[in-house]
Structures are given as C-alpha cells and as structure tokens.
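S.K.: Next up is a structure, given as structure tokens.
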Amino acid sequence: MTDNRRHLPSVDQILQHCSELQATWGHPRVSRLVREELAQYRANMQQGAVANLSRQATIDLIVHAVRKTLLRQDQPSLVPVFNLSGTVLHTNLGRAILPEAAIDAINTVASAASNLEFDLCSGKRGDRNTHIESLLCELSGAEAVTVVNNNAAAVLLVLNTLANNGEVPVSRGELVEIGGAFRIPDVMARAPCQLVEVGATNRTHLKDYETAINERTALLMKVHTSNFYIQGFTKSVSESDLAALAEKHSIPFVIDLGSGNLVDMTQFGLASEPTVKQALEHGADLVTFSGDKLLGGPQCGVVAGRKELIDQIKANPLKRALRVDKLTIAALTEVLKLYRNPDRLIAELPTLNYLNRRAEDIESQAHRLLESWQAALTSTFTCSIEQCESQVGSGALPSSTLPSFALCTRASSDNDINRLVTAARNLAKPVIGRLNDGCFSLDLRCLDDEATFRAQLPQLALALQQQKLTHGNP
Ligand SMILES: *Cc1c(COP(=O)(O)O)cnc(C)c1O
C-alpha cells in the first residue's frame, strides 16, 4: 500500500495531461474534478480496491474518468423523445410541436436585437402585443387581445383585474382540476375573488346563476370542463343565455375555453367544440385559451374579447409579471399565419397533422416496423399490431378519441416487459409508450421520424442483452 501511494500523481501532474479538457471546459472545473477523482482514487486505494498501477497509468485513468464526467454533466436534461403514448398533446411530453416556420422565426428573433417594444413608425416605445394583436383579432373576431405566459396566467389575470375581491358564480359541474395544480377554486382564491358555487354537479340552470347574482358579483364565468365529461341526466346553461344574463346585470361574461381551437374539429372526426370565434359570437366579453393545446403553438395564454376590458387587463401590474417573451411572440405569429390558409394548415401544423392522420396510414407504418421491432427484441418478446384509440390530450375533447394502431409487445414475465420499457426510455432519443396489463404499446400516430426510430433498434437490442447479463435470470 505504501508503495502504491508513492506512485500517486499530484493534481498538477494530472492537470499537465488535461490541456485539451481545460481548453473546452475551463481550468476551474477541470481541476475541481481532477481533485475529486484523485481523492476517490486514493480512498479506493486505501480500501485495497485498485490494482497496482504505474504513475502514468494512474494519470491516464483519472483523466479518462474526468473526461467522462464532463461529457455526462454536459448532457442536457431536457431532450427530445418519441411520444408514442397515444396522447397527441401530452403535457408531460411538452404538448404541441412547433411548425418549421415558427422554429425559423425563433432563430431569427433570438439572434439579433428586435423591435419587440419599439415602434418603428414613430421611433417611440411600443407594445409587444402589437406584433400579434391584429392576427389574433382577425382569426378570432375579437376587438382586442393580450397574450401571457399560459392559460392559467390568463385566467388569473382576468380574475385579478375584473373580479378582485368580488364574487364569481361558477357551476358546480365546472370546478375543474386540470392537473399540475391548476384548480379553478384555488386560482380564484389567489386572484383573489370569491367563488360562488351554483347548481349541482350534473345540472345547473339559468335561475341558479340568477339567484347567485348580487351587488358584489363581479362577473359570470363559464369554464370548459376540459378533461372530463358528465353523461346522463345533465343540464348546463348555454353561453348565449349566460351572456344575456350578464348583460342584464352589466357585468362581464368570461369563458375559460381551455384548449381554444380556431378551427372546427369535426373535420378530424372529433367532437364538435365551439371555436374561439363562436364563443365570442355567443356573447362572451372575454375568452381565455392556451397557445400550446389545440392551437398547436408555443406555450402561452390568450385573452381575447372587448377592447375596454383588455385595456384594463393590460394596465394591471400583474400583466408585466406574466407577459410572454419575444421568442413566444415570434413563434405564435408564424403559427397563426398558417391559420390564414386552410389548405396548408393541416399539412404544416404538426398538431393538426397528427390528429388528421388516417388509421390506414398508421396501420401501414406499423406493418413497416413490426418485423424490425420484433427482431430487435428477440423471441423473449411477442410483438403484434393492434388497433387502439389516440387521445387529443391536455384536456381537449376528453370524450372523443381517434382510431389508430399500435405496436404492442408482451412478454412471459413482468420483469421482461419492465426491462423493455426501461431500455426504450433510456435510448438516445427515448421512446415513451404506454404500459397496460403487461402490454407495452406504442401508438404510432405521432411517429414522424421513422428513420431515427429504426436507427435506434440495434441500441435497443444491445441494451436488452446487457440488462439480461446484469439483471436477468441465471
Ligand atoms: C388547460 C386548461 C387551463 C390551463 O392552461 P395552461 O395553458 O396549461 O396554463 C385552464 N383552464 C382550462 C379549462 C384548461 O383546459
């Protein structure tokens, strides 16, 4: 042992072999890691856990370990994955995928100074909203709009501006929790305004709202139930009836649309949903909706409606805290521009493209992939093509699904299928599917990068073999 320690190189000696690493990663970080690696090596040596190496071999070993750590630490945590979960707009998987035009626009605006809040006509300070306002008004029929960080922010801002310390009647059937801690009652408490629950879970009548209205009532609000639906003996009050009631009492009528589609969704075989334009035509004074749900754009929230109310919202100091950045504005502009041309919209907007994919096309894709998938997995696994139903996701159209096809994989033991799920998740571009009753299913509706999926199959095969060696049955 004493022999060994005499051979131990010093930090400086090791650093002399790290000039290339230091050029890339900098002296402080490299020398800190060298110190850590050396300390670890010394500790291992004291426990007799390392072989007797020459000084040069020890240096090589430590430099190699430092390089590996640096590379690992530089891997981004946020990476692209294959969303084969069967949910097109999956909140945990980043929701909408941007069209190319939007990505180009982000690049352009990110790499130079811009007139974000500078009026090029007058040479004076401008408003970042102006870049999207006219497009959004054109597409929604609204008098005015403003855009914030997400729809949760839009709802909070509307309530804080128009209902601060007032009462807001909402149907008991609409007190929705969206997930990720967005709950209408909680948002109202923070606005702060007082939620007045009206009606019953399954049935709410106009008279329920009428009796709830008093001099403290700030506005009437309708919330899209988004991720659930009630079936059976139900009744809710129409948007136009609520609009008329609000007008009679001179208070605003606000609809939180959630997804806020700009086009008719029945063309994709989905349930009919009022568009933003229709909601405003039904008499809503304001509507709020997300940018990255059915709209298919970047994360943001839109408030659209009457100019006088939008002006009040813009003047709220909270608006400053919730505003969107220039990258979002650039991307949203390009996404909205696609909506001007219905002929190109579906082809160019990924979200609508996925929703529009025909089951037959997805089935052919499954047939193209089945053999290679089965070959990579070996005979431990049984693969087949099965019909499935894709969901829109993100609380849009919960009751309506789209017929699709999945690559389904089963194994004789849970252990094997779990190994597969893990191996798929640990690929360079992770493959995320759904595990149900021992069946790992990959809904191919959102698989557009088939080449990369295929190119990773040898890595998947290798990972499964290695797992078997380390954890498999003896
Ligand atoms: C999704 C949703 C929200 C929250 O929108 P984010 O953009 O996720 O903040 C709010 N209200 C309804 C009804 C929703 O469906």
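S.K.: Going by what's in this entry, would Ser250 be described as loosely packed, with under 14 Cβ neighbours inside 10 Å and not in a loop (DSSP other than H, G, I, E, B)?
M.R.: No: the conditions fail for Ser250.
S.K.: Still on this structure, please answer the following. Right, Gly260: at positive phi and within 14 Å of the ligand (Cβ to nearest atom) or not?
M.R.: Yes; evaluated as a whole, the condition is true for this residue.
S.K.: If you scan the range 168-187, which residues turn out to be more than 23 Å from the chain's Cα centre (by Cα), near the ligand (Cβ under 10 Å from one of its atoms) and surrounded by fewer than 20 Cβ atoms within 10 Å (Cβ to Cβ)?
M.R.: none
S.K.: OK, next. Only one of Leu70, Leu84 is within 30 Å of Ala423 (Cβ to Cβ) and either buried (at least 19 other Cβ atoms within 10 Å of the Cβ) or at pLDDT below 95 (or both). Can you tell me which?
M.R.: Testing whether each residue is within 30 Å of Ala423 (Cβ to Cβ) and either buried (at least 19 other Cβ atoms within 10 Å of the Cβ) or at pLDDT below 95 (or both) leaves just Leu84.
S.K.: Tell me which residues, restricted to the range 65-81, are among the small types (Gly, Ala, Ser) and in a helix (DSSP H, G or I).
M.R.: Ala65
S.K.: What are the residues in the range 220-237 that are within 16 Å of the ligand (Cβ to nearest atom) and either outside any strand (DSSP E or B) or not assigned by TED's automatic domain parsing to the domain that holds Val196 (or both), if any?
M.R.: Residues satisfying the conditions are His224, Thr225, Ser226, Asn227, Phe228, Tyr229, Ile230, Ser236.
S.K.: Right, something else. Any residue that is under 24 Å from the mean Cα position of the chain (by Cα), in a loop (DSSP other than H, G, I, E, B) and surrounded by 18 or more Cβ atoms within 10 Å (Cβ to Cβ) - is there at least one of those in the range 311-332?
M.R.: Among the residues of the range 311-332, at least one is under 24 Å from the mean Cα position of the chain (by Cα), in a loop (DSSP other than H, G, I, E, B) and surrounded by 18 or more Cβ atoms within 10 Å (Cβ to Cβ), which makes the answer yes.
S.K.: Does Ala271 meet the test of being part of a helix (DSSP H, G or I) and either buried (at least 19 other Cβ atoms within 10 Å of the Cβ) or within 16 Å of the ligand (Cβ to nearest atom) (or both)?
M.R.: Judged against the criteria, Ala271 is not a match.
S.K.: While we're looking at this one, here's another question. Would you confirm, using the coordinates I've provided, whether Val158 is under 23 Å from Ser238 (Cβ atoms) and surrounded by 17 or more Cβ atoms within 10 Å (Cβ to Cβ)?
M.R.: Judged against the criteria, Val158 is a match.
S.K.: Do we have any residue at all in the range 238-248 that's within 16 Å of the ligand (Cβ to nearest atom), more than 22 Å from Arg323 (Cβ to Cβ) and within 28 Å of the chain's Cα centre (by Cα)?
M.R.: no
S.K.: Let me ask something additional. Identify, by number, the condition in (1) closer than 30 Å to Gln267 by Cα; (2) outside any helix (DSSP H, G or I) that Arg410 doesn't meet.
M.R.: Unmet for Arg410, out of (1) closer than 30 Å to Gln267 by Cα; (2) outside any helix (DSSP H, G or I): (1).
The values are calculated or read from the model by the stated rules, or taken from the named source; none is laboratory data. Just so you know, these numbers come straight off a predicted model, no measurement behind them. When we count neighbours, we look across all protein chains shown, and the Cβ atoms used for this are built from the backbone with ideal geometry, even at glycine.
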